[in-house]
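The values are calculated or read from the model by the stated rules, or taken from the named source; none is laboratory data. Being a predicted model, the structure only gives us computed values, none of them experimental. Cβ sites come from the backbone with ideal geometry, for glycine too, and all protein chains shown count toward neighbours. Heavy atoms of the whole protein, side chains included, go into the accessibility calculation; ligands, DNA and RNA do not. Shrake-Rupley method; radii C 1.70, N 1.55, O 1.52, S 1.80 Å.
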Amino acid sequence: MPKERVAKKSRVHQEVQKQGINFNKDFGQHILKNPLIVNSMVEKSALRPTDVALEVGPGTGNMTMKLLEKTKKVIACEIDPRMAAELQKRVQSTPVQNKLHLIVGDVLKTELPFFDICVANLPYQISSPFVFKLLLHRPFFRCAVVMFQREFAQRLVAKPGDKLYCRLSVNTQLLARVDHLMKVGKNNFRPPPKVESSVVRIEPRNPPPPINFQEWDGLVRICFSRKNKTIGAAFKFKTVLELLEKNYRTHCSLHSIPVPADLDVKSKINDLLTEKEFEKRRARTMDTDDFLGLLNCFNTAGFHFS
């Protein structure tokens, strides 16, 4: 009678199980178990022996061990102290133990040190804030190779006119070049997540565009609040007009510009959008250059968004 096939588990997973460590759903823990995917992510990072790599969510260290072999130093940020202890144990008494710098804590609340490359199998619930923490990080890093939920990854790379094109797409593409590298099925993880995944490469634009990002985001937020409406319609809402009037008055007082007694912000903005041919445009079909042009025409007329 043929022997029953027993699913092989890695030594580390057996060790984790032996100690009764269950994966924590609150932390979005899904350990990447397929070595081919791990190798591919490391390979696509194009690491150099002089690099400092940042890894977020190292879990039991399958990716970490590969990164330690190829770099000068690995900064691993892990929120779960149990996983951090496992990782520490795994590198102990190995030739690479001095190359690991382990930070136990929430990556969103941690001030990140200098790094050249970021590689991460990210807890999906922190995807959006983490992307912007990365993109606003200074000094610049070379690139990041990150695993995201498939739909989130598709939003990052979406182009004007695509169904998933949104504020996230525009903001990310303003600050970085983003490429979809590969799809990853849910069975490559333990435990399997409920969604499919994708790996994306993010390369920050250096130097970044010379604009105030908070002000840019303020404009894009208004335009995408109803992305199928025209830009003209987006700027007719009372709350938007009140914000712009308040900011306009502040701008005028700071620059000693007299404010006309009969100031009508609504018609002033309408005239501006009509003159610059933005009134009939729609956010879902505009690219970063279009939004830069729109921001410039508002700023030139004294209207600001932060």
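Overview of results
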| quantity | calculated |
| --- | --- |
| Some residue of the range 215-237 being open to solvent by 90 Å² or more (accessible area, probe 1.4 Å), under 30 Å from residue 42 (Cα atoms), assigned to a helix (DSSP H, G or I) and not aromatic (Phe, Trp, Tyr) | no |
| Output for the range 247-268, where each listed residue is touching a Gly at 6+ places or on another chain (Cβ under 9 Å), hydrophobic (A, V, I, L, M, F, W, C) and assigned to a helix (DSSP H, G or I) | 252 |
| Conditions (1) open to solvent by less than 60 Å² (accessible area, probe 1.4 Å); (2) modelled with pLDDT of 95 or more; (3) not aromatic (Phe, Trp, Tyr): number failed by residue 259 | (2) |
| Residue within the range 76-99 that is surrounded by fewer than 20 Cβ atoms within 10 Å (Cβ to Cβ) and closer than 11 Å to residue 56 by Cα present | no |
| Yes/no for residue 277 being out of contact with any His (no Cβ under 7 Å at 6 or more places or on another chain) and part of a loop (DSSP other than H, G, I, E, B) | yes |
| Scope the range 116-127; condition open to solvent by less than 50 Å² (accessible area, probe 1.4 Å), polar (S, T, N, Q) and closer than 22 Å to residue 217 by Cβ; matching residues | 127 |
| Matching residues, the range 248-299, being polar (S, T, N, Q) and either under 30 Å from residue 162 (Cα atoms) or in contact with a helix residue (DSSP H, G or I) (Cβ under 9 Å, 6 or more places away or on another chain) (or both) | 270, 274, 285, 288, 296, 299 |
| Residue, farthest from residue 118 (Cα to Cα), within the range 132-178, restricted to residues that are open to solvent by 50 Å² or more (accessible area, probe 1.4 Å) and assigned to a strand (DSSP E or B) | 149 |
| Some residue of the range 145-152 being aliphatic (A, V, I, L, M), in contact (Cβ under 8 Å) with a residue 60 or more places away in the chain and more than 27 Å from residue 210 (Cα to Cα) | yes |
| Selected residue (only one of 43, 111 is open to solvent by 50 Å² or more (accessible area, probe 1.4 Å), free of Cβ contacts under 8 Å to residues at least 12 places away in the same chain, assigned to a loop (DSSP other than H, G, I, E, B) and of a type in the set (D, E, K, R)) | 111 |
| Positions within the range 46-71 being open to solvent by less than 20 Å² (accessible area, probe 1.4 Å) and either out of contact with any helix residue (DSSP H, G or I) (no Cβ under 7 Å at 6 or more places or on another chain) or free of Cβ contacts under 8 Å to residues at least 60 places away in the same chain (or both), in sequence order | 51, 52, 54, 58, 60, 61, 63, 64, 67, 68, 71 |
| Failed criterion for residue 303 (all others in (1) over 20 Å from residue 225 (Cα atoms); (2) in contact with a helix residue (DSSP H, G or I) (Cβ under 6 Å, 6 or more places away or on another chain) hold) | (1) |
| Residue that is surrounded by the fewest Cβ atoms within 10 Å (Cβ to Cβ), among those in the range 280-306 that are among the hydrophobic types (A, V, I, L, M, F, W, C) and in a loop (DSSP other than H, G, I, E, B) | 301 |
